[in-house]
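To keep things clear, I will list the structure first and then write my remarks on it.
The values are calculated or read from the model by the stated rules, or taken from the named source; none is laboratory data. Quantities reported herein were computed from a predicted structural model and do not represent experimental measurements. No Cβ is skipped: glycine too gets one built from the backbone with ideal geometry, and neighbour counts run over all protein chains shown. SASA here: full protein model, heavy atoms, side chains in, ligands and nucleic acids out. Shrake-Rupley method; radii C 1.70, N 1.55, O 1.52, S 1.80 Å.
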Amino acid sequence: MFSKETYIKRREQLKKSIGSGILLFLGNDECGMNFEDNTYHFRQDSTFLYFWGLPYANLSAIINIDEDKEIIFGDELTIDQIVWMGTQPTLKEKSQLVGVAETRPYAKIADYLHAAKQKGQEIHFLPTYRAEHKLKLMDWLGLKPAEQTASVEFIKAVVNQRNYKSAEEIAEIEKACDITADMHITAIKKMKIGMREYELAAALEEVAFAAGGNLSFPTIATVNGQILHNHDKGNIIKEGDMVLIDAGAETAMGYAGDMSSTIPAGKKFSARQRDVYDIQVASHLAAVEALRPGINFEDVYNLSAKVICEGMKSLGLMRGDMEEAVQAGAHAMFFQCGLGHMMGLDVHDMENLGEVWVGYDGRPKSTQFGRKSLRLGRKLEPGFVLTIEPGVYFIPELMDMWRKENRFAEFINYDKLDAYRDFGGIRNEEDYLITENGSRRLGKKIPLTADEVEALR
């Protein structure tokens, strides 16, 4: 937890941004996995953490801007709960740690909001992503789920604060990135032919837990790198495979790291693997080199896509003008994912608030296949923290569909492409801070080039 002054300043800035009304913050509750007392790992809502700092379940809060009140609603532990989970600070003691003087029983929030509605106060709330939140808004505000329209004003105000990382946030993110780098270095060193994917995942996840944190998202460790978010981990790693690792650590305060590596099963990449791997690395390095304040991230995406296309052309898999190919969308045969996303208290920062606000500053996203997966497409500014993760993927189902439709035949050499049906996919990923003059990688360096990876194998 940061100092209480940090949270007080954050709430003051938010109040000034919105000006009037009531701001409702829905904290998260425990959630039963297969029965009530056997719960999923608890994670507090990130916006609640940002403004109120309390990582405890069964809390919600309001800011009554009109009456200059800040109230945390929750309940003290019963003796049964103390027996179950031990003594904790009282709700008032917890609240004082983040500069809040007033607390009320959780059941009183419905009455408070009802009275506010009676007085004609506008009640702002953010988009919901949990069933419990929808049920609470039904109970407290009388709104059915279809009627629960989040406040755009509230969304924009939160995004405009959380997008710009403070020095203390950057230090905490860097902790997560250091642990994340150690996870990947461990995976590169420990991977052996004959292991199952879940054994490799266990080895790298141990690093996150041993550092006192958690995972920032479920680990991807797969020989089928062409499946972009493949969470199956049952395959045996064989000679000739490449294993794609996408994994990250979360600190005890909730800040995330997010990195990817692609590792040969043996000691070295094959010649064909290295050819494609080097193209992915060239795209990655071109994107990193372009990072600076004022550049539109979609332009960085276009650059990275063009580098991939030029590489595919050098292998005989594409032809024609590669700039035209990117604009037409032909690059998405090989590069279907986005280039990167904002990162902070969420590994995809504020994704629940909407990419159009977080990543596009209110502009609509592209609907073009491949490009529509770009989560970030706005001008970069100092204080932004983001990932760089171009990928090269050979997806047989996509090859078959586009070839049948004769799509982009002027750019794609389908006859030669067939030889890569069994290739898989490659992704490498690092985390960057946009600075006043350029960018800075966050966390320890993980192996990126083929030579660097092979040196650790």
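Restrict the check to the range 110-133 and report whether at least one residue is within 17 Å of residue 48 (Cα to Cα), in contact with a helix residue (DSSP H, G or I) (Cβ under 8 Å, 6 or more places away or on another chain) and free of Cβ contacts under 8 Å to residues at least 60 places away in the same chain. Scanning the range 110-133 turns up no residue that is within 17 Å of residue 48 (Cα to Cα), in contact with a helix residue (DSSP H, G or I) (Cβ under 8 Å, 6 or more places away or on another chain) and free of Cβ contacts under 8 Å to residues at least 60 places away in the same chain. In the condition set (1) outside any loop (DSSP other than H, G, I, E, B); (2) open to solvent by 30 Å² or more (accessible area, probe 1.4 Å), residue 63 is compliant with all but (2).
Restricting the range 420-443 to residues that are under 19 Å from the mean Cα position of the chain (by Cα) and part of a loop (DSSP other than H, G, I, E, B) leaves a set whose member that is nearest to residue 270 (Cα to Cα) is 428. Of all residues in the range 17-44, those satisfying the criterion of being crowded, with 21+ Cβ neighbours inside 10 Å and not hydrophobic (A, V, I, L, M, F, W, C) are 27, 28.
Residues in the range 280-299 that are in contact with a strand residue (DSSP E or B) (Cβ under 8 Å, 6 or more places away or on another chain) and over 14 Å from residue 392 (Cα atoms): 287, 288, 291, 292, 293, 294, 295, 296, 297. Just one of the numbered conditions (1) under 29 Å from residue 147 (Cα atoms); (2) surrounded by 14 or more Cβ atoms within 10 Å (Cβ to Cβ) is not true of residue 94: (1).
Candidates 386, 398, 417, 376: the one that is open to solvent by less than 20 Å² (accessible area, probe 1.4 Å), in contact (Cβ under 8 Å) with a residue 40 or more places away in the chain and assigned to a strand (DSSP E or B) is 386.
Taken over the range 204-242, the criterion of being assigned to a helix (DSSP H, G or I) and either among the acidic types (Asp, Glu) or open to solvent by 40 Å² or more (accessible area, probe 1.4 Å) (or both) is satisfied by 205, 206, 209, 210.
Selection within the range 340-373: residues that are surrounded by fewer than 18 Cβ atoms within 10 Å (Cβ to Cβ) and of a type in the set (Asp, Glu). The member of this set that is farthest from residue 251 (Cα to Cα) is 361. Listed conditions (1) farther than 25 Å from residue 297 by Cβ; (2) open to solvent by 20 Å² or more (accessible area, probe 1.4 Å); (3) modelled with pLDDT of 95 or more are all met by residue 457, apart from (3).
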